[in-house]
Amino acid sequence: MNEGLHYEIEQMEAYAKEHNVPIMEKESLAYLLTFLDRHHIKSVLEVGTAIGYSAIQMALAIPGLTITTIERDEERYLEAIKNIKKCHLEDRITLVFSDALETHIEGTFDLIFLDAAKAQNIHFFERFENNLNPHGFYVTDNIEFHGMVAQNESDIESRNVRGIVRKIKEYLNYLEEKKDYHTEFISVGDGLAISEKL
């Protein structure tokens, strides 16, 4: 990565920290980039662009990779547009400003990356199943939710957080029970689920 791009990545990380924008943890990101390379992934659909951090990192790491990414928050969407332009990746990253649960996406992808509202993961999974290529992958981030998924729910003070943790547990059970996918749970960063379409 050249110095200019390195600077842009650092600026994004600083912006995310300052504005409380959740971006992918470094360990999870490194694992994902290695995974994309190892499985010769050529196309990605990302649900949850935020400021474009993970989409940009994927595009920079994998030459020729194309990404379609969906974001419903206007402020984050506009920030993502700026960041993608600064990194000269407009020809490889397509931004969609919409609620993913109301969006129709054309075409199919080698990998679908779920990194949006955790409580909606089952809905996202089912909505975009027809967009996944045969033997494609779903990758879901934040399945450990800062270690809280492993905790006893009664130890979590916030009712809202308890609700999210419950939804993540439901999603993990859903993945385990899906017979047309093989899912591995990877404990890196905030936890990843990798589900391969059989």
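Any read-out appearing in this document is the output of simple, stated calculations on the displayed coordinates, not a laboratory observation. All of these numbers come straight from a predicted model, not from anything done at the bench. Note: ideal-geometry Cβ built from the backbone for every residue, glycine included; neighbour counts use all protein chains shown.
Annotations for the structure displayed:
- Candidate set from the stretch 94-114 (those that are among the charged types (D, E, K, R) and part of a loop (DSSP other than H, G, I, E, B)); member that is farthest from Val47 (Cα to Cα): Glu106
- Residue pairs whose Cβ atoms lie under 6 Å apart, separated by 6 or more positions or on different chains, with the first residue in the stretch 16-43 and buried (at least 18 other Cβ atoms within 10 Å of the Cβ) and the second β-branched (Val, Ile, Thr) and outside any loop (DSSP other than H, G, I, E, B), are Ser43/Thr66.
- Contact map, the stretch 154-172: first residue without any contact (Cβ under 8 Å) to a residue 24 or more places away in the chain, second residue among the charged types (D, E, K, R) and not in a loop (DSSP other than H, G, I, E, B), Cβ cut-off under 6 Å, separation 6 or more or different chains; pairs are Ile156/Arg162; Arg162/Glu153.
- For the stretch 98-135, a residue qualifies if it is surrounded by fewer than 22 Cβ atoms within 10 Å (Cβ to Cβ), more than 17 Å from Leu172 (Cβ to Cβ) and among the small types (Gly, Ala, Ser), and the qualifying residues are Ser98, Gly107.
- All of Ile67, Ile81, Ile105 fail the test of being closer than 16 Å to Tyr138 by Cβ and without any contact (Cβ under 8 Å) to a residue 40 or more places away in the chain, apart from Ile67.
- Only listed residue being under 20 Å from Ser28 (Cα atoms) and part of a helix (DSSP H, G or I), chosen from Leu60, Leu78: Leu60
- The lone exception for Thr49 - which of (1) assigned to a loop (DSSP other than H, G, I, E, B); (2) free of Cβ contacts under 8 Å to residues at least 24 places away in the same chain it fails: (2)
- Only residues that are under 16 Å from the mean Cα position of the chain (by Cα) and either without any contact (Cβ under 8 Å) to a residue 12 or more places away in the chain or more than 12 Å from Ala50 (Cβ to Cβ) (or both) were counted across the stretch 84-95, and they come to 2.
- Residue check, Ile122 closer than 25 Å to Gly189 by Cα and either of a type in the set (Val, Ile, Thr) or not in a loop (DSSP other than H, G, I, E, B) (or both): yes
- Residue check, Asp91 surrounded by fewer than 16 Cβ atoms within 10 Å (Cβ to Cβ), of a type outside the set (Gly, Ala, Ser) and closer than 21 Å to Ser43 by Cβ: yes
- Lone qualifier among Glu157, Glu170, Glu90 - being outside any helix (DSSP H, G or I), out of contact with any Gly (no Cβ under 6 Å at 6 or more places or on another chain) and farther than 30 Å from Met1 by Cβ: Glu157
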